[in-house]
Structures are given as structure tokens and as C-alpha cells.
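Visitor: Take this structure, written in C-alpha cells, and hold onto it; I'll ask about it next.
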Amino acid sequence: MKKIIIIGAGPAGIATAFMLTKSQKKLMIIEKQKEVGGFSKTLKFIRNNDLYRTDIGPHRFFSRDNRITNLIKNIIKNDKILVNRYTRQLIQGKFYKYPIKPINAFLNIGFYKSIIFILSYLNAQLEYKILGKKIKNFEDYIIANFGKKLGDFNMLNYTEKIWGIPCKKLHFDWANQRIKGLNLLTLLKQSFKLTNNNPKTLIDHFFYPKHGTGQIYSKMLQIVSSAGSRISTNSFPIKIIHEDNKINKIILNVKGRKKRVKVLNLISSMPINDFLKILDPLPPKKVLQKVKKLKWRAQVYLFLMINKDQITKDNWIYIPDKKIPFARISEMKNFSKSMSPKGKTSLFIEFFVDKGDKIWNMDKDILFKKTIKHLEDLKLVNKKDVLDYYKLSFDKVYPIYDISYKKNLKYIKKYLDRFDNLSYIGRPGRFRYTNQDHSIKMGLLAAKGIIENKKIDFDEIGNEKEYYEKGNIDG
Ligand SMILES: Cc1cc2nc3c(=O)[nH]c(=O)nc-3n(C[C@H](O)[C@H](O)[C@H](O)COP(=O)(O)OP(=O)(O)OC[C@H]3O[C@@H](n4cnc5c(N)ncnc54)[C@H](O)[C@@H]3O)c2cc1C
């Protein structure tokens with residue numbers, strides 16, 4: 001019998017399975033890891049019978065689409081917590097609140113520097129808006145909208161730390177996707193408007209599941225598996241056999257055993273590079289050459305268990321300073337008390353790296369030693385309070401939007417779009433920087449495409465025409 005096969009049990013794959021199940025369809029999910037949830041899973045660590053939970057970097061759920069928000073709220077029901085966001089950036093030794101609080105920002109920056117920022121912004125307006133200088137890359141975008149001085153102060157350096165390449169080599173799509181419609185003026189307007197009397201906005205409030213973001217996906221999968229569909233973890237495709245623009249068969253490694261399955265529909269959320277390499281016959285050489293040019297950024301994390309009730313009030317602290325090797329610190333307990341045992345807390349520390357580089361290869365204890373020194377200097381943590389620590393490393397975390405990615409991706413997609421019964425979705429599947437909501441939406445629409453037998457334009461998803469965090473939490 002021909003089957004509907006879903007590759008990858010991250011938000012995109014799980015949402016597809018959930019929607020198909022709601023329409024009484026049976027399917028099979030193939031997941032390479034031993035746990036489901038992809039980068040949106042919640043990990044558990046046990047020490048002396050104490051349970052610590054952590055997302056892979058805390059996952060704030062938000063969506064501009066109320067249908068998606070309502071679906072998630074209905075899934076997590078009474079386990080949803082409304083979190084008041086508390087985020088700071090550590091710049092040149094001072095903490096700046098985000099969303100920006102004008103008085104905090106002004107006191108930190110000082111009068112002289114504020115004037116420099118404004119003059120630099122006006123100069124950029126002259127260059128880009130009046131004299132018509134073209135925006136060719138991410139750096140141009142930031143300078144045109146915020147001025148060079150403010151850009152250097154906290155945007156360009158942080159961006160380079162994330163991506164590991166100069167902002168001149170980053171495509172301005174990165175800005176289009178994250179900060180479209182935002183500039184120094186709208187930012188100031190927004191920060192003056194944020195008072196307690198205003199409706200809760202997507203910037204300063206969000207919903208969080210009591211037991212971590214992974215709760216959303218395990219609940220969805222419970223519904224899928226109780227309807228009789230199979231989820232195979234520790235499994236992956238070996239070969240995808242196609243003919244005449246149709247995927248016919250898939251050869252799988254299911255928990256170490258080879259299995260051949262006839263395909264009715266294939267939904268893939270595995271990395272697009274890896275997918276193309278297992279097609280049989282292989283794509284033309286030129287497609288494979290383009291695939292090689294798609295690059296990913298990896299991440300290394302340190303998870304610290306700490307013998308203190310709380311370290312900070314922050315959800316996240318962002319650290320653009322390149323002298324500090326990590327870029328973000330978060331305290332899971334400030335999302336939900338259930339993430340740490342009573343009287344204890346944890347910190348999740350993110351390093352942006354390339355697979356195989358110095359930090360990727362660094363021994364766990366050496367990395368901890370380096371990190372704790374910075375944390376002590378910042379007066380956040382004392383080494384004696386750290387009970388235990390774990391190092392985690394993940395590859396293919398962030399698709400790099402370099403200058404030529406769009407051209408290469410377009411060519412690859414043109415090849416893949418010929419397959420009638422294939423949907424390639426999600427962050428790795430489409431080489432697109434999605435948040436959970438966009439991956440979920442792709443999954444729901446992939447299912448709709450199968451149910452209604454129609455082609456879906458996945459590129460439309462997440463293409464907001466304005467700043468993506470704009471809007472109120474209840475629509
Ligand atoms: C540090 C960090 C912080 C984040 N913070 C937020 C946040 O605050 N809010 C938010 O909304 N989003 C956040 N995200 C983004 C979010 O994690 C992703 O948008 C989401 O997980 C993407 O879902 P996906 O299903 O598209 O891909 P993934 O989550 O990557 O899932 C893909 C799945 O495919 C599986 N797979 C890969 N290869 C194979 C193979 N060969 N065979 C079978 N299976 C395979 C993987 O194991 C994985 O389970 C964050 C991401 C990171 C890394």
C-alpha cells in the first residue's frame with residue numbers, strides 16, 4: 001500500500017501529521033533523533049532526583065496569525081503561562097532593556113553619544129533616502145534605517161557574532177525577515193508607547209507552556225499516535241526513488257533495519273542539502289553544485305545547573321561584545337517555574353560556531369572554565385554555585401543568508417518543484433529562518449495541500465510586510 005511519509009518530527013513535520021490526522025488520514029513519521037520536537041524539543045536532565053528542563057534556547061511562541069495562536073492555546077490548554085518579557089542587552093559593560101526603555105537607554109548612552117547617533121542617522125537618511133544610495137547587503141540596510149553609529153553599537157557586531165561573516169556579505173533578506181518596517185524613528189515611537197495601559201503586544205508578552213515548548217509537540221503527537229499512525233524515531237531515509245516527476249519509493253533505515261515503502265505523498269522537513277543527496281536518480285550536477293553552496297551555522301550550548309533560587313530576572317541577555325565568546329544567556333525558570341527544581345535554577349548559554357571550529361571541538365571542562373570566568377566577571381554566577389554542567393553541540397541550526405544564497409536556493413527549488421507528490425517544508429527543509437509558528441503553518445498547509453490535492457506556495461509564509469513582532473497578543 002502507498003503511504004504518506006513525513007520526514008522529520010520537528011514542528012513542521014508534526015503539524016503536518018496533526019492536521020492529516022484531524023482529516024482521518026494515516027501516515028508514517030520518520031525521525032532521525034531519539035526524541036521528537038526538532039529544535040523545539042524540551043530536554044530533561046536529572047541530578048540527584050531533581051528534574052531540570054530546558055528548551056534548546058528558550059522558545060517564545062508568538063504568531064501574527066491568530067488561527068495558529070488559538071490552535072496552540074487549545075493544545076496546551078491550562079498549561080499556558082503568560083510571560084512578561086524581560087530582556088536585556090549587555091553592551092560595553094552596561095545593561096540595556098529590550099524593548100527599549102527610553103530613560104534607561106538615554107542614561108546609559110549619555111547625551112553626547114545620543115547626539116552622535118542622531119546625526120549619524122540623519123546622515124544615513126541623506127545618503128540613502130535623498131541621494132538614492134542602494135541597499136546591497138545587510139550592513140547597508142542597518143545603516144539606512146538606524147545610522148552607522150547605532151548599527152556599530154549593537155546590531156552589526158551582534159549579527160556578525162551570530163553568522164560568523166561580515167554584515168557586508170549577508171543578504172538584506174535577513175533584515176527583511178526580522179526587522180522589516182523598523183527604523184530608529186519607529187523604534188523610538190514604539191518604546192514611548194509601551195506603557196502598562198496598552199494592550200499586550202507581541203514584543204513584550206508571550207505564551208509559554210508550563211513544561212517547556214516541547215509540550216506543544218508531544219501533545220500533538222499523542223493525538224497522531226492514538227489515531228493509529230506510526231512515529232519511528234532513530235530512523236532516517238537512505239534513498240528516495242523517483243520517476244517522471246513523482247516520488248515512488250523510499251528506502252528507510254528504521255531503527256537499524258532496512259525498509260522499502262511505496263510513497264503516496266512525501267513531506268520532507270530534513271535539511272534540503274541532505275534531501276537532494278539521497279534522491280535516486282541524483283539531481284543534475286549543477287543543482288548539486290548549488291546545494292554545496294548553501295551554508296549553515298552551528299551552535300554549542302552550555303547548560304548549567306545552579307544551586308540558587310534565581311540568578312536574574314531576565315528571559316534572555318544578549319551579548320554583542322565579541323570579546324565574550326557566547327552571545328546569549330537565558331534562565332529557563334523565568335519562563336516557567338516548572339523548568340527547575342525548587343530552590344535551584346539553570347542557565348542556558350549559547351555559542352554561535354561553525355561545525356569543527358575551536359569551540360565546537362573544545363573539551364567540555366575547558367569551555368566551562370572559560371565561560372564561568374566571564375559569568376563571574378559579569379557578577380552573574382559564582383563557580384561554587386554550579387552543581388553540574390553539560391555541553392551540547394548541534395549542526396545545521398541556522399541557514400546562512402549569504403549574498404548568493406537566494407540565487408542558489410531559487411535554482412534548487414526550481415528542480416524540486418517538479419515533484420507532484422512532494423512538499424519540502426520547515427526551517428531545514430526550505431533553508432529558511434523560521435520560528436515555530438512559520439514551521440507549524442507550513443506543516444498545516446502541506447497537509448491541506450494533500451487533503452485538497454493542490455499546490456501550496458510555501459514561500460508566502462512568514463513574508464510579513466511589516467515588523468514581525470508588531471501586533472497585539474490577542475490579535
Ligand atoms: C537556539 C534557538 C532558539 C530559538 N528560539 C525560538 C523562539 O524563541 N521562538 C520560536 O518560535 N522559534 C525559535 N527557534 C526556532 C525553532 O526552533 C524552529 O523554527 C523550529 O524548530 C523549526 O521547526 P522545523 O520542523 O521546521 O525544523 P526542526 O525543528 O529543525 O525539525 C526538523 C526535524 O527533522 C529531523 N531530521 C533531520 N534530518 C533527518 C533525516 N535525515 N531523517 C529523519 N529526520 C531528520 C530533525 O532531527 C528534526 O527533528 C529557535 C531555534 C534555536 C536553534
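Each value in this text was obtained by applying a stated rule to the coordinates, not by laboratory testing. All values reported here derive from a predicted model rather than from experimental measurement. Glycine also receives a Cβ, built like all others from the backbone with ideal geometry; neighbour counts cover every protein chain displayed.
Visitor: Compute the distance in nm between two label points, each set 7 Å from the Cα along the Cα-to-Cβ direction, one at N361 and one at K169.
Guide: For the pair N361/K169, the computed spacing is 2.0 nm.
Visitor: I've got another one for you. Evaluate the distance, in nm, between pseudo-label points positioned 7 Å from the Cα of K44 and of D395 along their respective Cα→Cβ axes.
Guide: For the pair K44/D395, the computed spacing is 2.9 nm.
Visitor: Also, I was wondering about something else. Compute the signed sum of charges (Lys and Arg +1, Asp and Glu -1) over the other residues within less than 14 Å, Cβ to Cβ, of S340. Intermediate values should be presented prior to the final figure.
Guide: Values: positive: K44, R47, R53, K210, K308, K333, K337, K342, K344; negative: D50, D55, D309, E331, D385, D388.
Here the charged neighbours net out to +3.
Visitor: Related question: Can you tell me the length gained on complete extension of the stretch R178 to N70, counting 0.36 nm per residue apart and subtracting the Cα distance?
Guide: Here the answer is 36.6 nm.
Visitor: As a test of the formula, what do you get for the chain when each DSSP H run with n ≥ 4 contributes -39,500 (n - 2.57) and the sum is divided by the residue count, at 222 nm and rounded to the nearest 500 deg cm²/dmol? Provide the component values of the computation, followed by the final result.
Guide: Working: 16 runs with 158 residues, N = 475.
The helix-only estimate for the chain comes to -9500 deg cm²/dmol at 222 nm.
Visitor: Could you tell me which of rounded, prolate or oblate describes segment 214-335, using a ≥ b ≥ c as the square roots of the eigenvalues of the alpha-carbon gyration tensor, with rounded for a/c under 1.5 and, failing that, prolate when a/b is larger than b/c and oblate otherwise?
Guide: Working: a/c = 3.31, a/b = 1.63, b/c = 2.03.
Oblate, because a/c is 1.5 or more while a/b does not exceed b/c.
Visitor: Expressed as an acute angle from 0 to 90° and rounded to the nearest 10, what is the orientation of the C-alpha long axis of helix 184-193 relative to the principal long axis of the chain?
Guide: 80
Visitor: Also, quick follow-up: Could you give the nm distance between label points at K34 and K323, where each point is 7 Å from its Cα heading toward the beta carbon?
Guide: If labels sit at K34 and K323, their model points lie 4.2 nm apart.
Visitor: Sticking with this structure for a sec: So what's segment 330-409 giving for Rg/Rh, alpha carbon basis, Kirkwood Rh from the mean inverse pair distance?
Guide: Working: Rg = 16.5 Å, Rh = 15.3 Å.
Value, to two decimals: 1.08.
Visitor: On to the next question. Among Y52, Y96, Y217, what is the fewest-to-most ranking by other Cβ atoms within 10 Å?
Guide: Working: Y52 24, Y96 20, Y217 27.
Fewest to most other Cβ atoms nearby, the residues stand as Y96, Y52, Y217.
Visitor: Can you tell me the FRET efficiency between N78 and D309 if r is taken as the Cβ-Cβ distance and R0 is 30 Å, rounded to the nearest 0.05?
Guide: Working: r = 25 Å, r/R0 = 0.84.
E(calc), rounded to 0.05, equals 0.75.
Visitor: Continuing with the same structure: Loop only by DSSP, 12 or fewer other Cβ within 10 Å of the Cβ. Give me the trypsin sites (Lys or Arg not before Pro) in segment 298-335 that pass, ordered by residue number. Show your work: numbers first, answer last.
Guide: On the way: sites: K308, K313, K322, K323, R328, K333; in loops: K308, K313, K322, K323.
Within segment 298-335, the qualifying trypsin sites (Lys or Arg not before Pro) (loop, at most 12 other Cβ atoms within 10 Å) are K313, K322, K323.
Visitor: Please report, in whole Å, how far the alpha carbons of segment 16-167 spread along each principal axis, starting with the longest.
Guide: Principal extents (Cα only, largest first): 60, 43, 31 Å.
Visitor: Please compute the Kirkwood hydrodynamic radius of the chain from all pairs of different C-alpha atoms, in Å with one decimal. Spell out each step's value before the answer.
Guide: Details: mean 1/r = 0.0421 Å⁻¹.
In the chain this quantity evaluates to 23.7 Å.
Visitor: Using the alpha-carbon centroid of each, what span in Å lies between segment 388-442 and segment 275-296?
Guide: After rounding, the separation between the Cα centres reads 14 Å.
Visitor: How big is the gap, in Å, between the Cα center of segment 140-171 and the Cα center of segment 334-355?
Guide: What the calculation gives is 28 Å, centre to centre.
Visitor: Expressed as a rounded percentage, what relative contact order does segment 100-193 have, with Cα pairs under 8 Å and six or more residues apart? Don't jump to the answer; show the numbers that get you there.
Guide: Working: 87 pairs, mean separation 30.7, N = 94.
It rounds to 33 percent for segment 100-193.
Visitor: Grab the other residues whose beta carbon is less than 13 angstrom from that of Q125, score K and R as +1, D and E as -1, and report the net.
Guide: +2
Visitor: How much FRET efficiency would the formula 1/(1 + (r/R0)^6) give for S23 and Q92, where r is the Cβ-Cβ distance and R0 is 35 Å, rounded to 0.05? Let's see the in-between values first.
Guide: Details: r = 55 Å, r/R0 = 1.56.
For R0 = 35 Å, the calculated efficiency reads 0.05.
Visitor: Once you have a ≥ b ≥ c as the square roots of the Cα gyration tensor eigenvalues for segment 50-103, tell me rounded if a/c is under 1.5, and otherwise prolate or oblate according to whether a/b is larger than b/c. Write out the running numbers ahead of the final one.
Guide: On the way: a/c = 2.97, a/b = 1.60, b/c = 1.86.
It comes out oblate by the Cα gyration axes.
Visitor: If you don't mind, another one. For the Cα atoms of the chain, what angle does the longest principal axis make with the long axis of helix 111-124, in degrees from 0 to 90, nearest 10?
Guide: For 111-124 against the chain, the angle is about 50 degrees.
Visitor: Continuing with the same structure: Fewest to most neighbouring Cβ within 10 Å: what's the order for I100, I461? Intermediate results must be reported in sequence, preceding the final value.
Guide: Values: I100 17, I461 21.
Fewest-to-most ranking of I100, I461: I100, I461.
Visitor: Something else now. For a test of the definition: using alpha carbon positions, the gyration tensor, and the 1.5 limit on a/c, classify segment 1-46 as rounded, prolate or oblate. Don't skip to the end; give the middle numbers.
Guide: Details: a/c = 2.92, a/b = 1.99, b/c = 1.47.
Taking the square roots of the gyration eigenvalues as a ≥ b ≥ c, segment 1-46 is prolate.
Visitor: Compute the signed sum of charges (Lys and Arg +1, Asp and Glu -1) over the other residues within less than 13 Å, Cβ to Cβ, of L107. Kindly include the intermediate steps, with their values, before the conclusion.
Guide: On the way: positive: K94, K97, K101, K113; negative: none.
With Lys, Arg at +1 and Asp, Glu at -1, the neighbours total +4.
Visitor: Let me ask another. Calculated FRET efficiency, L51 and N123, Cβ-Cβ r, R0 56 Å, to nearest 0.05? Don't jump to the answer; show the numbers that get you there.
Guide: On the way: r = 54 Å, r/R0 = 0.97.
According to the calculation, E is roughly 0.55.
Visitor: Rg/Rh for segment 100-193: what does it come to with C-alpha atoms and Rh from Kirkwood?
Guide: Details: Rg = 13.3 Å, Rh = 13.8 Å.
A ratio of 0.96.
Visitor: For the chain, what does the relative contact order come out to in percent, with C-alpha contacts under 8 Å and a separation of six or more? Please list the in-between numbers first.
Guide: Details: 930 pairs, mean separation 120.6, N = 475.
25 percent.
Visitor: Radius of gyration and Dmax for segment 132-259's Cα atoms, expressed in Å?
Guide: In Å, with Rg to one decimal and Dmax whole: 23.4, 61.
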